[in-house]
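Student: Below is a structure I'd like to ask you about.
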Amino acid sequence: MKLPTAARLLRLATAGSVDDGKSSLVGRLLHDSRALLADQLAAVEKASRARGLTDRLDLSLFTDGLRAEREQGITIDVAYRYFATAERTFVLADTPGHVQYTRNTVTGMSTAQAAVILVDIRNGVVEQTRRHATVAALLGVPHIVLAVNKMDLVDFDEVVFKQVAADFTAYAGRLGVPDITAIPLSARHGDNVVDASARTPWYHGPTLLAHLEQLPVGRDPGTEALRYPVQYVVQAPGEGRSARWHTGQLASGVVRAGDAVIVLPAGHRTEVAAVEHLGRPVDAAFAPMSIAVLLADDIDVARGDLIVAAAAEQPTVTRQLDATVAWLADRPARAGDRVLVKHNTRTVRARLAEVRHRLAIDSLAHVPTDVLRLNDIGAVTLRLAGDVVTDPYADHRLTGSFLVIDEHDGTTLAAGLVGDPLAAQMERCRPA
Amino acid sequence: MSTLTLPHLDVLEAESAHILREVAAEFERPVLLFSGGKDSVLMLHLAGKAFLPGRVPFPVLHVDTGHNFPEVLEFRDRAVSAYDVRLIVASVQESIDAGRVRERADGTRNPLQTVTLLDAINEHRFDAVLGGGRRDEEKARAKERVFSLRDDFGQWDPRRQRPELWSLYNGRHRPGEHVRVFPLSNWTEIDVWEYLDRERIDLPEIYFAHRRRVFHRDGMWLAESPHITPRDGEVVTERTVRYRTVGDMSCTGAVESTATTFEEVVAEIAASTLTERGATRADDRLSEAAMEDRKREGYF
């Protein structure tokens, strides 16, 4: 079956603990789907021989791109890989698994439609696994695949696999992840990665690649509320002040010429006079198109404003953010800190009014604290110097997310999610 | 109403336009690097579309090694006038004459471009430099952000990169620092060709098969030119070739090809067993970390 065109593109993130074989899995996926070309393979062969490997390729050497990574045999940074099959085009964010690099997992998951989390069958579900699942759930990744690796080291034992799969499904199920699938595989030997393994006759599910090719990840902007952040204003040459086109990328929904809209935070009501899709006049445009919009009235609209449909559910205009943050910097978060908040196309000064609690990864309990450190996930309140227009992250990924930035050196301090998306998801998935 | 779906190339196009507009909105003095290579042609085309019905709000910068394919220089001037943008040329020859850099023994000028580029960034006080680099090109590039901060010396520190979340790009920088921005990060070589074909975008003729006098070195066909001389035993013959990348004439190799149309080029790449850089760039073959080392020093 051919998928609709947009669903051909799948954004994927992988995560695993150290030594779970994640680089090997990614290398295997690329190798067996024939995304690696001869010169890349020759480089891996040469490097494998230099390490004394004569009988096989060390596929992890392909994904370790930086000198320090090859020298230390670890992965430091998120790497993006691209491969395509007859069914799909994949953008893969390969995120390292060290505890101190959890910020990379947050980065990779923020754009992912599916997450592949690796475990070593001999270790089963460990704290890092739960952390990766929690981050994926928090960031709203709808599909999680548990890749149970190194099956060859337990003689492809069905009982051990089922136990690990059950442990994980119990934890991820509590998080409210809508779709969880476990697959037994060996990245090193290629079992069930691209080609089905003869050594797991008891497993009747798809291989990892076949599963990823079939995931339903289409969205339907026709059913979404309009959210159009104004990014940049351009003036058509030779025309008067009225011909101000508001460019931007649709965050969600559909916009049509003639639509009644509201420009927030000011609340001006007007109509859409014309829509252009990168220079081509169109009657309607939908997310995630980048477009330009001409409004019927000459009102003051600038970068940072949000255009929404007058008839649809309205976002919140606020100077206070009650939010969940993943703290990504060495500098800890404390009440009173002065920061910048970048939300959509608007950046405002802010003060960290309160650190409310930290999330305990194992128990998912809220631990009272007044400080968040690197890799902590917690709840905070921010007071802003100007209005922002937000939705809960659980409802709108783009209008519900923001960055916390160090006002002095520009460092990205935290990923911010409006509201408590994890609680919202757990609530939504709880059986009635 | 049926489900609204945006084709893969339009998703990439929308993302690139978003990035280009973020740069125009958040920086005071952006510039777009333009070599006449297909990726920079694509980037300029996307910039042209992103700011319609207005004009591209920043100039383009050509770092001129002096070792150009003449066809590419002609093409550059045509493109600059078609998109109505201002061209700034930074010359490697002038850097050599001023004693800023020294000619290398092997004659290639690609690595020398870094000094010329950084000097131009300082002179014009550019705070954002748009480059056509793609993550599928090379493994050090696979780890680079869309917004990539450079220090006072133009250096890239892969261990101190900012996390990049959702489509929220952080362009904050201190005086003296600048940001390299890569709007084509998520495009693959095939995507670029399919899109160029779809949009009927003009490219330098050397991307398509033509007759040229070449000689064989390090597994590549190098063009006979005033900038490079065949060594003993290297025989010049006329062959039908095309280029997969465009760089300094002295280190960019051609591949034997009969592809004269976009469709034939796409078919050829799909069947190719070598990456574009592996096939045709001597500068990337210097060591396993050749690109990483050049990037750290401030290369594109």
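The values are calculated or read from the model by the stated rules, or taken from the named source; none is laboratory data. What you are looking at is a predicted structure, and each value in this text was computed from that prediction instead of being measured. Counting neighbours? That spans all protein chains shown, and the Cβs are built from the backbone with ideal geometry, glycine included.
Student: Condition first: at pLDDT below 95 and at positive phi. Can you find one or more residues in segment A:178-193 that meet it?
Tutor: Yes, segment A:178-193 has at least one match.
Student: Does B:ILE201 fit the bill of being part of a loop (DSSP other than H, G, I, E, B), within 25 Å of the chain's Cα centre (by Cα) and either at pLDDT 90 or above or not assigned by TED's automatic domain parsing to the domain that holds B:SER257 (or both)?
Tutor: yes
Student: Also: Whether any residue in segment A:258-280 is within 23 Å of the chain's Cα centre (by Cα), within 13 Å of chain B (Cβ to nearest Cβ) and not aliphatic (A, V, I, L, M) is what I want to check.
Tutor: no
Student: So which residues in segment B:224-242 are buried (at least 19 other Cβ atoms within 10 Å of the Cβ) and touching a residue at least 60 places away in the same chain (Cβ under 8 Å), if there are any at all?
Tutor: Of everything in segment B:224-242, just one residue is buried (at least 19 other Cβ atoms within 10 Å of the Cβ) and touching a residue at least 60 places away in the same chain (Cβ under 8 Å), namely B:ILE228.
Student: Okay, moving on. Go through the residues of segment B:185-192 one by one and say whether even a single one is away from chain A (no Cβ under 14 Å), surrounded by fewer than 18 Cβ atoms within 10 Å (Cβ to Cβ) and in contact (Cβ under 8 Å) with a residue 40 or more places away in the chain.
Tutor: no
Student: Which members of segment A:182-241 meet the condition of being within 13 Å of another protein chain (Cβ to nearest Cβ), more than 30 Å from A:PRO392 (Cα to Cα) and not small (Gly, Ala, Ser)?
Tutor: A:VAL234, A:GLN235, A:PRO237, A:GLU239
Student: Same structure again: For B:ALA142, all conditions in the list (1) within 14 Å of another protein chain (Cβ to nearest Cβ); (2) of a type in the set (Gly, Ala, Ser); (3) surrounded by fewer than 16 Cβ atoms within 10 Å (Cβ to Cβ) hold save one; what is the number of the exception?
Tutor: Single failed check for B:ALA142: (3).
Student: What are the residues in segment B:76-98 that are crowded, with 19+ Cβ neighbours inside 10 Å and over 22 Å from B:ALA120 (Cα atoms), if any?
Tutor: none
Student: For the list (1) out of contact with any Leu (no Cβ under 8 Å at 6 or more places or on another chain); (2) in a strand (DSSP E or B), I need the number of the one condition that A:ALA266 fails.
Tutor: (2) is the only condition that A:ALA266 fails.
Student: Which residue is nearest to B:ASP84 (Cα to Cα), if the candidates are limited to segment A:197-242 and must be at pLDDT 95 or above and surrounded by fewer than 14 Cβ atoms within 10 Å (Cβ to Cβ)?
Tutor: Within segment A:197-242, the match that is nearest to B:ASP84 (Cα to Cα) is A:HIS204.
Quick grid of which residues meet (1) over 26 Å from A:LEU9 (Cα atoms); (2) in contact with a helix residue (DSSP H, G or I) (Cβ under 6 Å, 6 or more places away or on another chain); (3) outside the structural domain of A:SER401 (by TED's automatic domain parsing):
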{"residue": "A:VAL154", "(1), (2), (3)": "yes, yes, yes"}
{"residue": "A:LYS162", "(1), (2), (3)": "yes, no, yes"}
{"residue": "A:ASP167", "(1), (2), (3)": "yes, no, yes"}
{"residue": "A:PRO201", "(1), (2), (3)": "yes, no, yes"}
{"residue": "A:PRO206", "(1), (2), (3)": "no, no, yes"}
{"residue": "A:TYR228", "(1), (2), (3)": "no, no, yes"}
{"residue": "A:GLN231", "(1), (2), (3)": "no, yes, yes"}
{"residue": "A:TRP245", "(1), (2), (3)": "yes, no, yes"}
{"residue": "A:ALA266", "(1), (2), (3)": "yes, no, yes"}
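Student: Just to be sure, is A:VAL78 closer than 21 Å to A:LEU185 by Cβ, at pLDDT 65 or above and either within 12 Å of chain B (Cβ to nearest Cβ) or surrounded by fewer than 17 Cβ atoms within 10 Å (Cβ to Cβ) (or both)?
Tutor: Criteria not met by A:VAL78.
Student: Which residue is modelled with the lowest pLDDT, if the candidates are limited to segment B:105-114 and must be crowded, with 21+ Cβ neighbours inside 10 Å and not polar (S, T, N, Q)?
Tutor: If we take residues in segment B:105-114 being crowded, with 21+ Cβ neighbours inside 10 Å and not polar (S, T, N, Q), then B:ARG109 is modelled with the lowest pLDDT.
Student: Sticking with this one: Does B:VAL214 count as in the same structural domain as B:LEU12 (by TED's automatic domain parsing), among the hydrophobic types (A, V, I, L, M, F, W, C), over 23 Å from B:VAL11 (Cβ atoms) and surrounded by 14 or more Cβ atoms within 10 Å (Cβ to Cβ)?
Tutor: So B:VAL214 fails the test.
Student: Here is a follow-up. Any idea which of A:ALA260, A:ALA273, A:ALA284, A:ALA251 is among the hydrophobic types (A, V, I, L, M, F, W, C) and free of Cβ contacts under 8 Å to residues at least 24 places away in the same chain?
Tutor: Just a single option satisfies the conditions, and that option is A:ALA273.
Student: Now, a different point. Given B:ALA50, B:ALA24, which one is of a type outside the set (Val, Ile, Thr), facing chain A (nearest Cβ under 8 Å) and crowded, with 24+ Cβ neighbours inside 10 Å?
Tutor: One residue alone meets the criteria, B:ALA50.
Student: So how many residues does segment B:209-239 have that are among the β-branched types (Val, Ile, Thr) and assigned to a loop (DSSP other than H, G, I, E, B)?
Tutor: Result for segment B:209-239: 3.
Student: Restricting attention to segment A:107-127, report how many residues are part of a loop (DSSP other than H, G, I, E, B) and closer than 18 Å to A:ILE180 by Cβ.
Tutor: Counting residues in segment A:107-127 that are part of a loop (DSSP other than H, G, I, E, B) and closer than 18 Å to A:ILE180 by Cβ gives 6.
Student: Turning to a different aspect of this structure: For segment A:17-50, how many residues are at pLDDT 70 or above and either away from chain B (no Cβ under 12 Å) or within 24 Å of the chain's Cα centre (by Cα) (or both)?
Tutor: 20
Student: Let me ask something else about it. Could you grab me the full set of residues in segment A:389-419 that are part of a loop (DSSP other than H, G, I, E, B), away from chain B (no Cβ under 11 Å), modelled with pLDDT of 95 or more and closer than 12 Å to A:LEU138 by Cα?
Tutor: Within segment A:389-419, A:GLY419 is the sole residue that qualifies.
Student: Continuing with this model, one more query. Those residues that are facing chain A (nearest Cβ under 7 Å) and either under 21 Å from the mean Cα position of the chain (by Cα) or buried (at least 21 other Cβ atoms within 10 Å of the Cβ) (or both), I need them from segment B:150-163; list them, please.
Tutor: Once the filter is applied, which keeps residues that are facing chain A (nearest Cβ under 7 Å) and either under 21 Å from the mean Cα position of the chain (by Cα) or buried (at least 21 other Cβ atoms within 10 Å of the Cβ) (or both), segment B:150-163 yields B:PRO158, B:ARG162, B:PRO163.
Student: Exactly one condition in (1) in contact with a Ser or Thr (Cβ under 9 Å, 6 or more places away or on another chain); (2) surrounded by 22 or more Cβ atoms within 10 Å (Cβ to Cβ); (3) within 12 Å of chain A (Cβ to nearest Cβ) is not met by B:PHE147; state its number.
Tutor: Among (1) in contact with a Ser or Thr (Cβ under 9 Å, 6 or more places away or on another chain); (2) surrounded by 22 or more Cβ atoms within 10 Å (Cβ to Cβ); (3) within 12 Å of chain A (Cβ to nearest Cβ), B:PHE147 violates only (1).
Student: Being among the basic types (Lys, Arg), touching a residue at least 40 places away in the same chain (Cβ under 8 Å) and surrounded by 14 or more Cβ atoms within 10 Å (Cβ to Cβ) is the filter here, so list the residues in segment A:334-360 that pass it.
Tutor: A:LYS342, A:ARG346
Student: Within the group B:VAL101, B:VAL72, B:VAL41, which residue is hydrophobic (A, V, I, L, M, F, W, C) and in contact with a Ser or Thr (Cβ under 7 Å, 6 or more places away or on another chain)?
Tutor: The unique qualifying residue is B:VAL101.
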